[in-house]
Each structure stands twice: as structure tokens, then as C-alpha cells.
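S.K.: Once you've had a glance at the structure underneath, I'll fire off some questions.
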Amino acid sequence: MKLTFPHMGDFWVVMRAALDELGLDTVVPPPSSKRTVTLGTRYAPETACFPLKLCLGNMLEAIDMGADAVLMAGGSGPCRFGYYAQVEKQALWDLGKHVDFHVLEPPQTHPRELLGSLAALLGHRCSRVPRALRIGWEKALACDEVLKQSLLLRPREDSPGVTSRLYSKAIHAVDEASSIGDIRRAVNAFVQEAGAHARAQDGGLGLRIGVIGEIFMIMDSFANAGIEEKLGKLGATVDRKMTITGWVRTHLFPWPWKRVPGPDPVKSARPYLNHFVGGDGIESVGYTVLGARENLDGMVHLLPFTCMPEIVAKSVLPQVTQDLGIPVLSLSLDEHTGEVGLMTRLEAFVDLLTARKGATCR
Amino acid sequence: MRVVLGLDVGSVSTNLVAMDEGQNVVHSSYLLTAGRPVEAVQEAVADLWRALPSCSVAASGTTGSGRELAAEVLGADVVKNEITSHAVAALSVCPDVRCVLEIGGQDSKVIIVENGVVTDFAMNTVCAAGTGSFLDRQAQRLGIDIRDLGRLALASRNPVRIAGRCAVFAESDMIHKQQMGCSVEDIVRGLCEALVRNYLNNVAKGKAIRQPVFFQGGVAANEGMRKAFEESLGCPVIVPERHKVMGALGAAIIASRQRLKSSRFRGFGLSQTRFESRGFECDGCSNACEVVELVMGESVIARWGGRCGRWERLGAAGA
């Protein structure tokens, strides 16, 4: 069996590490590209959201490279994501690609299904699970740390693009690291190298912008057209709470790490949104409230075009803005590659935040 | 005379404004981009040169969706997004302005201003209904000059209801009403009302619109649209005198605020220079980015479209 899985940003690093440690053969899809989008949009249902199309494209490219099984996360609730594994399986089977699907359903709602797929996947490899979890988790922490540092350093980089180049180098070093020591060395190397390219002060007002929205669009820089990089180049420090470790903690293995550190976004969303609307809708609202409390200058809200949970969040957010005075820019993203419209909105948003902050400082 | 230039290269029109040192507009032009932005910029500059042959350029700024390309051709000192440019221009005309409605060729936006600072904005994201191009197309279909659209709309006595959510729905409604025998005046007025409804429900959704309200962009020339906005909002809507070139005016004002020793402006010779843009697919990775390079004379002066930044960094005389 050769197992593949979608990238979802840098999450593939974690998946590959854990599955390799279990002794499973893996195929990481080639980096997402125009070809991935072309394949995904051709064979996915037209009305599906962009994450499904991109994931399907990843799978098709990995199958071309010899993969014969797919590992996908499941889900439940109003977001269509819970059904994506089934839709993707159908799309692949319709193409005559009869690959096995291993779906990891959320343990809170479908414990039996989860145990079933884990048993089928792991077989006699159970003894290796602790070590696989340990290395996977260590790599997840490493990716998050590299990301966090890159978001802090990019607005101050001394030559344009250097942080992003060192970032991809660091992610690949983390991917290649085979021991915990190597992983930590890769992170330290990044912090030192990128740190050496950072100017002491950015000269500007030091804008801090939070990024919220649907988790896949946030985590996958290909899907979101490198929004964090763009904001960094405009001089803003990006604050993003939804990361790989956060996603694992809430979605894949809510035990034993249970909760994401810091205030609970779900509770913070009250009274604007009091119940689960699927996906990350409630988190988007909650993190905006928390962003206002932490004095972030503004929030950028990313939603895949037609995403129901985030549309609910989007219609709630103006009230949060009005009450707490935190501007929010909602961006609906799909497969388009014309970036002028995106840049226009981001630049205008940064102008708005700069003018606002300048006015308060005076 | 020393002038500051503002150039707004939009999808439909390319507008140029020249201001003297006292921030008075001494020249303005409105040309169609016609899918060839480089030529439109050259023509706009040639036009300025003919009008003011003795002027020299102290600074220049570009805006609009073609602002990056225009900045390279012109040698601009500032490149600014059109939202900020429109707000700056409106504030220069009326420092108390609190809302700017702008409808251009391919997009429409609303800008909310408090105490002279932009506090919120929105731009249409998914839909062409409610932009100048759609009005243009409908005018053509009805066989009327776009400039007469507003006058005709005002002559209507019994406006018909046209669906406004989607350009496709609007068009099929218009055809239906036309075949029922409704007058062109009533249909055109209904169309203006539908566009305003769509704009207020989509673009300006959830935004508090307070007076004074400015209406800018090419579509503001349409008296029927202004009237429909006034009726819908229940307050006067001001169309500034230079509504068509407000983006360019804003870019000029922003450029004039820079304290420059000398401008990067390429000089009026640029209208005679041969510019060529050519595209190619990068073969560096599987993304196959569509890279476009701009060539002036023999040398590459800029590249766009790469995702990794490999092409944007021009080496000595181009990589």
C-alpha cells in the first residue's frame, strides 16, 4: 500500500513523518500548482468549494506517482467537509482509479468509525504508534514555530523575499530531519538565519493584523495566494492563532492535549455567535473578539467562495466591528489567479489601518 | 510650469490629471483603455504634451487595476490602490465627506470616511451587475448612446421593475419587459433602480451611509443612477465636477505629498518609445506561472506574474 494525503499547507510534513514512523509507504503529492487546480476543478463537483478541488488535485497527482490509497480527515456538522472524503472517493472511482480510502472521523462524534479505520490502517503496527505520534507532534510544533517566527520577521526583512525563501528551506529541513534533535536544529537554524536578515525596527507603525477564517484556506499558502506573505511585505505582522498544532488539538486528537492554549475562541464568540455553525465559523468570530482584546489593528477573514459556515461568520462580524472597533476585511477566494483585485483590497486595508492608528497615536 | 501627474488606468478608461503647484487641475483627460493599457498611457501623455508643451513633471502617481504596468511605463514615483486614491480625491473636494460611492467599468466600491480618515470600504467581489460595462452593454443592446441613458431614465414616468441581483437575470427581465411593449425610458429607469438596489444590497451591505455622500466614477455621469441613489438613500448625492477622473486626481495628490528631489518620470519621449509586453510560461516548476515582461526599446524593464519571485528580480539588464 502506498498512502497519500492532501498537503493542507505544511501539514504533509507531519503526516509523512508519522506514517513513515509507522512503517507505511507514503507518496507526498507534488507541490500544488496550476496543474493541481486544473485537475481538481475538472473532476470535482462544480459547486464544491476550493479546498475540495485542490485536495482532489493533490490526490490525482499523487496517484500518477504511484499512490494507491488515500488518507483523509472526516467531519460532522453543517460544513460540507464531513462529506468530502466520500465525494473525492467517488470522483476518483469514476475516473477508474479504485484507490482505498482511509477516513479519520472525529473521535467526539464517530469513535467507532475512527477506531475501525485506525485498526485497518495500523494492523500489527500498534506498538509503533507512540513513537509516530511523538515525531509527528514534534514536527508539527517545529512547523508552527517556523511559521510564527517568519510572520514576526518578514515585515522587517532586509531584502524582499528572503524570509519566504528561508521558510521553505526550513520546512524541508524539518521534513528531512529524522530525530528530534535534527528537528530542533532546523528550527534554530531558521530563527538565526532569518533573524540575521531582519532590521531592528520596521520604521512604520508596527501594524498587527490577525488572519482568521476557514482553516484550509488559512493554512495553505497556495490556496490563499500567499496572503500572509503579502501582508508581511506591506509591513504588517500577521497574528494567526489557527495553526497545525491547533488543528490537531481540536480536530484529530482532542486528547491528551485537549485544548489550544490561551482563551477559548468558542466561548469568546458569545454573544455574537452562540452555537456551532460548522467548520471554523465560530472560531472566526471568537478570534476577532480576542483580537480586539489583544489590540490587534485589524483582521483579514478568508473564506472559500460558497463556504456556508464562514458566510454565517461574515454576516456576524460587522456587529463585532461596530461594538469593539476592530476592522475586518472579508475575502472570498476561489481558483482565480488574477491577484490585482486581492492586492487592491489588502493595500487599501493596510492604508485604512495605518491612517486609523496614525490618528489614534497623534 | 511644474506639474504633478495622476494616472488612473482602469479596465475601461485611462484618465490623466495634471495639477500645478497650487493643487489646481490644469489638465485632465479621459480615454478608453480598449484592452491596450500601454498605448492608452502613451496616448494620455502625448495628449498632455500637446496641451501643455512647456510643462515639466515634478512627481507622478498611478492607480487603478493597471497601476503597476502604468507605473513602469510612466516612471511613476507612487503606486496607490484606487480605494485610497478615490477617498483622497473626495476629501480634497469636500473635507467633510463621509461616504464615497464609486462605480467604474468593472468594479464598484463604497468607502466610508470618518473625520477625514477611511474607516471601512467594500468592493464588489463576485458580480458584474452594477458596473459601467453592464450599463454600456445594455445601452448598446437598446441602440442608445450611453451618454443619453441618464436623460432617458429621467424622462420615465412609470419605471418597470428589473431584477438586480445578477446581470443575467437583469438582462432577461429587460428583454421580457421590452417585448411586453414597455417604453425604453421606463426600462432604462428600472435598470438604474435595479443596479442601485444591487449595489446597496451587495457592495454597501451593512454599512452606515451618512451625508455628505459623493458619487464618483464613469457611471456618475448617468443622471438616472444619481437620482435612483438619492431616492433609495433618501438624501442628496453629490456628483463632483471631476467625477470621471477622481482616481487620477487622488493619485496626483498622493504623489504631490512625496518630498522628492527628482521624479522618476521617463519624460514626454515615452509617447514615442516602443514598449512591448510579451508573455511566457516559466518552466522552473510545475506551477508554470504566466510571466509577463515589459520591454522598452531593447531592454526588459519589469516582469510580473511569477509566484516565487524568481522573475521579478531583474538582474543586470534582465535575468
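S.K.: Among the residues of region A:340-362, which ones are modelled with pLDDT under 90, more than 30 Å from A:Ser268 (Cβ to Cβ) and facing chain B (nearest Cβ under 9 Å)?
M.R.: A:Val340, A:Gly341
S.K.: Step by step: first the residues of region A:311-339, then only those that are within 10 Å of another protein chain (Cβ to nearest Cβ) and charged (D, E, K, R), then the one that is nearest to A:Val285 (Cα to Cα). Which residue is that?
M.R.: This residue is A:Lys314.
S.K.: I've got another one for you. Which of the residues belonging to region B:277-299 are surrounded by 11 or more Cβ atoms within 10 Å (Cβ to Cβ) and closer than 30 Å to B:Leu52 by Cα?
M.R.: B:Ser277, B:Leu294, B:Val295, B:Met296
S.K.: With within 29 Å of A:Arg345 (Cα to Cα) and either within 14 Å of another protein chain (Cβ to nearest Cβ) or modelled with pLDDT of 90 or more (or both) as the only criterion, which of B:Val160, B:Val118, B:Val168 stands out?
M.R.: None of the other options fit; the residue is B:Val118.
S.K.: For region B:71-80, indicate whether the set of residues that are within 14 Å of another protein chain (Cβ to nearest Cβ), touching a Gly at 6+ places or on another chain (Cβ under 9 Å), within 16 Å of A:Phe349 (Cβ to Cβ) and crowded, with 23+ Cβ neighbours inside 10 Å is non-empty.
M.R.: Yes: region B:71-80 contains one or more residues that are within 14 Å of another protein chain (Cβ to nearest Cβ), touching a Gly at 6+ places or on another chain (Cβ under 9 Å), within 16 Å of A:Phe349 (Cβ to Cβ) and crowded, with 23+ Cβ neighbours inside 10 Å.
S.K.: Starting from residues that are outside any helix (DSSP H, G or I) and surrounded by fewer than 21 Cβ atoms within 10 Å (Cβ to Cβ), keep the ones in region A:1-21 and report whichever is modelled with the lowest pLDDT.
M.R.: The extreme case among them is A:Met1.
Every residue, every condition in (1) modelled with pLDDT under 90; (2) under 30 Å from B:Arg313 (Cα atoms); (3) in a helix (DSSP H, G or I); (4) of a type in the set (Ser, Thr, Tyr), yes or no:
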site	(1), (2), (3), (4)
A:Met59	no, no, yes, no
A:Gly75	yes, no, no, no
A:Ala91	no, no, yes, no
A:Pro106	yes, no, no, no
A:Gly123	yes, no, yes, no
A:Lys139	no, no, yes, no
A:Val146	no, yes, yes, no
A:Leu151	no, yes, yes, no
A:Pro160	yes, yes, no, no
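For every residue, the table says whether it meets (1) surrounded by 21 or more Cβ atoms within 10 Å (Cβ to Cβ); (2) out of contact with any Ser or Thr (no Cβ under 6 Å at 6 or more places or on another chain); (3) over 23 Å from A:Pro6 (Cβ atoms); (4) not polar (S, T, N, Q).
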| position | (1), (2), (3), (4) |
| --- | --- |
| A:Ser159 | no, yes, yes, no |
| A:Val174 | yes, yes, no, yes |
| A:Gly181 | no, yes, yes, yes |
| A:Gly206 | no, yes, yes, yes |
| A:Lys241 | no, yes, no, yes |
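S.K.: Based on this model, can you work out whether B:Glu102 counts as under 25 Å from A:Met343 (Cβ atoms), more than 10 Å from chain A (Cβ to nearest Cβ) and in contact (Cβ under 8 Å) with a residue 12 or more places away in the chain?
M.R.: yes
S.K.: Follow-up. Could you count how many residues in region B:27-46 are closer than 13 Å to B:Ala70 by Cα and either assigned to a helix (DSSP H, G or I) or modelled with pLDDT of 90 or more (or both)?
M.R.: So the count comes out to 10.
S.K.: Specify which of the listed residues (B:Ser277, B:Ser286, B:Ser271, B:Ser299) is touching a Lys or Arg at 6+ places or on another chain (Cβ under 7 Å), at pLDDT below 90 and over 23 Å from B:Phe121 (Cα atoms).
M.R.: B:Ser286
S.K.: Which is within 14 Å of another protein chain (Cβ to nearest Cβ) and under 21 Å from the mean Cα position of the chain (by Cα), of A:Leu133, A:Leu166, A:Leu205, A:Leu152?
M.R.: So the residue among A:Leu133, A:Leu166, A:Leu205, A:Leu152 that is within 14 Å of another protein chain (Cβ to nearest Cβ) and under 21 Å from the mean Cα position of the chain (by Cα) is A:Leu166.
S.K.: When you check B:Asn24 against the structure, is it over 14 Å from the mean Cα position of the chain (by Cα), modelled with pLDDT under 95 and in the same structural domain as B:Glu230 (by TED's automatic domain parsing), yes or no?
M.R.: No, not satisfied.
S.K.: Within region B:277-306, take every residue that is over 20 Å from B:Arg67 (Cβ atoms) and acidic (Asp, Glu) and give me the one that is farthest from the other protein chains (Cβ to nearest Cβ).
M.R.: B:Glu298
S.K.: Counting only residues that are within 14 Å of chain B (Cβ to nearest Cβ) and in contact with a helix residue (DSSP H, G or I) (Cβ under 7 Å, 6 or more places away or on another chain), which one in region A:36-48 is farthest from A:Leu331 (Cα to Cα)?
M.R.: Here the residue is A:Leu39.
S.K.: Sort out which residues of region A:304-325 are surrounded by fewer than 22 Cβ atoms within 10 Å (Cβ to Cβ), not in a helix (DSSP H, G or I) and not small (Gly, Ala, Ser), and write them in order of number.
M.R.: A:Phe305, A:Thr306
S.K.: Here is a follow-up. Would you confirm, using the coordinates I've provided, whether B:Arg98 is under 25 Å from A:Leu353 (Cα atoms) and of a type in the set (Lys, Arg)?
M.R.: yes
S.K.: Separate question: So which residues in region A:216-226 are surrounded by fewer than 23 Cβ atoms within 10 Å (Cβ to Cβ) and within 23 Å of A:Arg293 (Cβ to Cβ)?
M.R.: none
S.K.: Now a separate question. If I ask for residues that are among the polar types (S, T, N, Q) and assigned to a loop (DSSP other than H, G, I, E, B), which ones from region A:262-289 would you list?
M.R.: Once the filter is applied, which keeps residues that are among the polar types (S, T, N, Q) and assigned to a loop (DSSP other than H, G, I, E, B), region A:262-289 yields only A:Asn274.
The values are calculated or read from the model by the stated rules, or taken from the named source; none is laboratory data. Just so you know, these numbers come straight off a predicted model, no measurement behind them. FYI the Cβ positions are ideal-geometry reconstructions off the backbone, even for glycines, and counts take in every protein chain you see.
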